[in-house]
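The values are calculated or read from the model by the stated rules, or taken from the named source; none is laboratory data. What you are looking at is a predicted structure, and each value in this text was computed from that prediction instead of being measured. Note: accessible area is taken over every heavy atom of the protein model, side chains too, but ligands, DNA and RNA are not part of it. Shrake-Rupley method; radii C 1.70, N 1.55, O 1.52, S 1.80 Å.
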Amino acid sequence: MNTEIIRQQFIQDIKTIVNNARGNAYRAINTTMVAAYWHIGQRIVEEEQDGKHRAEYGKYILKELSSALNHEFGKGFDERELRRMRQFYLTFPIRETVSPELTWSHYVELIRITNEQARQFYLVESMQSGWSVRELRRNISSLYYDRLLLSANKTPTIEEARKTTQEETPTLEEFIKNPYVLEFLNLPQKETYVEKELEQALLDNLQSFLLELGKGFAFVSRQEHIRTETSEFYIDLVFYNYILKCFVLIQLKTNKMSHQDIGQMDMYVRMFDDLKRSEMDNPTIGILLCTETDSTIAKYSVLKDSKQLFASKYKLYLPSEEELKAEIEREKAFFEASKK
């Protein structure tokens, strides 16, 4: 046999070993995670039943449990996630019916389906057809089950689903980015996983710049993870201004500002207010920064119905648009020069 062919076969064999090992590791972690969350849900339900004579007992134990787990293990155990684990157990009370072939992300989608027959259909199809979470979500949102029931000739509907369904094996990069896995393993959700080089450089310096302004800014987090029932979002920078008594969100784009960017920033502000802001805090402020070849645009977003933040105070303690523009242009020039 040709020496080159033998060498290429050797390399391919090693690649196969590595890919198989990665796949086994991914499946093992997800299987362990699903089992752990099922047992957590079971214990929560059992505890609630023991204290059912107290109307607020369920809320109390979730709040206390969330605080204790987050303190011990980091993110991933907020009250919403604990409610999901509780619902997971209630939806699949028999441990043997939980398939090791599906990830926790699959089950997050499945437990949202109230129709038991539809849920069972999507469960079986996910296992038999090897649907990724994205494919499962798409088929649920397109009412695949309902369309099949209404179709006299089901073949066209099935063929349509097959055409749009492509097998997706999780890559190592996807594994690293999976927020559920990161939280379960208590790994840091590093900004380098999701940001371009220029964005990273700008954010590094913006963080220092805002803190150096000395106008009441306290750093809270980078790549703040916000999760809804169906999607994952990351906010670039989060500060708290203790003079204004409000959170300040900063999102940076390295392209021209679009109406989608503005809409996204508004959504982040509203989501943050709903999920993070306490009754003691004023409405959240969002700052959207977009860099272009010749200019830098800064836009501010604050909830329209806010009556607590007055314009004069707002302008006094937040950096001006001119200050932000100058800082970004300065850092862009430095970054570009360092690359030459």
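Annotations for the structure displayed:
- Around the amide H of Phe77, modelled in the peptide plane, lies no amide H under 5 Å away from a residue 5 or more places distant or on another chain.
- Note: relative contact order over segment 241-287, using C-alpha pairs below 8 Å and six or more positions apart, is 59 percent.
- Cα Rg over Rh - segment 65-147, Kirkwood: 1.03
- Pairs of Cα atoms in segment 1-105 fall into 5 Å distance bins, from 0 up to the last occupied one, in shares of 2, 11, 15, 16, 13, 10, 7, 5, 5, 4, 4, 3, 2, 1, 1, 0 percent.
- Table column - 3J(HN,Hα) (Hz), segment 72-81, Karplus curve with 6.51, -1.76, 1.60, x for Gly and Pro: 7, 10, x, 5, x, 10, 6, 4, 5, 5
- Most to least accessible of Val220, Val133, Val248 (protein chains only, probe 1.4 Å): Val220, Val133, Val248
- Thr31 accessible area, assembled protein chains, probe 1.4 Å, Å²: 50
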